[in-house]
Amino acid sequence: MRKPRRLRPGNTIGIVAPSSPPPEDELSKGIALIESRGYRVRVGEHVLAKAPHCDYLAGTDEQRAADLNSMFADPAIDGIFCARGGYGAMRLFDLIDWSLVAAHPKVFVGYSDITSLHTALARLGWTTVHGTMVSALWKLEHPMLERLWALVESAAPPGDLPADPETLQTIVPGAAEGELAGGNLCLLAQACGSRFAPDFRGKIVLLEDVNDPVYHADRGPDSAPQRGPPERGRRLRNRLSHRLAQARSGPAPQHARQALDRILHTARPAGDRGIPLRS
C-alpha cells in the first residue's frame, strides 16, 4: 500500500461533502480547530448545498463529484477531509475521475458513509484515514483529537490505541498481524460484488456501525464472504466486531449489547477458522 505524503501545519486542507450536507455551525467549529493547528482551509463549492429533489444530499451527484475531482486535481491541496457522512458517496463512483485521483495521492479522512470511498481508494493501493468528520471534530476530547493529528501528520505507526478494558471482550483468542482494513459494516456489505468490493485477504478487519438493527449485525459479517471468493473470508487474519451504539429496532437499547454478544459467540466463520475476534 502507498502512503500519501503526510500533512504538516502550513499545508492546505480541502473540505468536501461527498454525502450529506453538514450543519453550518458545526462545520465552522471544525474548520476553526483545523486552522488553530496551523493549516489553511479551502471549502468545496458545494459542501453546504442541497440537492433540488432532497435535503439529504450535499448538492447533486455531479456537484459533489466535481468538488472531489477538483480537490484531487489541485496541487495546492495537500489533504482532503470530509465534512460529514450520511448518505450519497456510493452514488459518485461513475462520476469520479479515477485516473485523475490515482495520479494525485493525498491524505484522505472520513468515516461512516465515506467507507465507500475508502474502499475504492484502497483498490488504487492507497492508505487512507478512517477518522472523524470536520463537522464533528469539536466533539472530540483532546487526546482523541491529538491521535487524529498524529495519524495524518506522522508516518510512524500509531502504537497502542487507548481502550477501556471494561468495554472489550475476546470472543476467539489469538494474535494477528497485517494491514488494517474495514469500515462501516452496512457500506462494506453493499459493496460486495461490485468493482470496488473490499479485499480482506490477509487483513485485520475493523467493522463499525451505529443506530442499526441488531439483526443487521448478524447478517452483515457473514454475507460479505458469501458474496465474494471463498478465500476472501478464509484468509482473514483477524476480525474485530463492529460496535452497535444503539439498536434502532428489535431489542431495547439496553439489551442490544447482550443480543450482539449472542450473535458473536455463535459466529461460525471466526470460530471454525480460528480467526481471532474481539468486540
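Only the coordinates and a few stated rules stand behind these numbers; no lab work does. These figures come from a predicted structure and were not determined experimentally. Every residue, glycine as well, gets a Cβ built from its backbone with ideal geometry; the counts of neighbours run over all protein chains shown.
Which is of a type in the set (Lys, Arg) and buried (at least 17 other Cβ atoms within 10 Å of the Cβ), of 106, 139?
Only one candidate qualifies: 106.
Considering only segment 151-208, state which residues are outside any loop (DSSP other than H, G, I, E, B) and over 19 Å from the mean Cα position of the chain (by Cα).
Of everything in segment 151-208, those that are outside any loop (DSSP other than H, G, I, E, B) and over 19 Å from the mean Cα position of the chain (by Cα) turn out to be 165, 166, 167, 170, 171, 172.
Could you check segment 132-149 and list, in sequence order, the residues that are more than 20 Å from residue 85 (Cβ to Cβ) and under 17 Å from the mean Cα position of the chain (by Cα)?
149, the sole residue that qualifies.
Could you list, ordered by first residue, the pairs with Cβ atoms under 7 Å in which the first is in segment 92-119 and more than 16 Å from residue 3 (Cα to Cα) and the second is in a helix (DSSP H, G or I) and aromatic (Phe, Trp, Tyr), at least 6 apart or interchain?
Partner pairs satisfying both residue conditions: 100/72.
Identify the residue in segment 9-61 that is of a type outside the set (Ser, Thr, Tyr) and assigned to a strand (DSSP E or B) and, among all such residues, is nearest to residue 90 (Cα to Cα).
16
Starting from residues that are free of Cβ contacts under 8 Å to residues at least 12 places away in the same chain and within 22 Å of residue 4 (Cβ to Cβ), keep the ones in segment 145-189 and report whichever is surrounded by the most Cβ atoms within 10 Å (Cβ to Cβ).
Among those residues, the one meeting the criterion is 150.
Condition first: over 15 Å from residue 151 (Cβ atoms), assigned to a helix (DSSP H, G or I) and either without any contact (Cβ under 8 Å) to a residue 24 or more places away in the chain or not small (Gly, Ala, Ser) (or both). Can you find one or more residues in segment 78-89 that meet it?
No.
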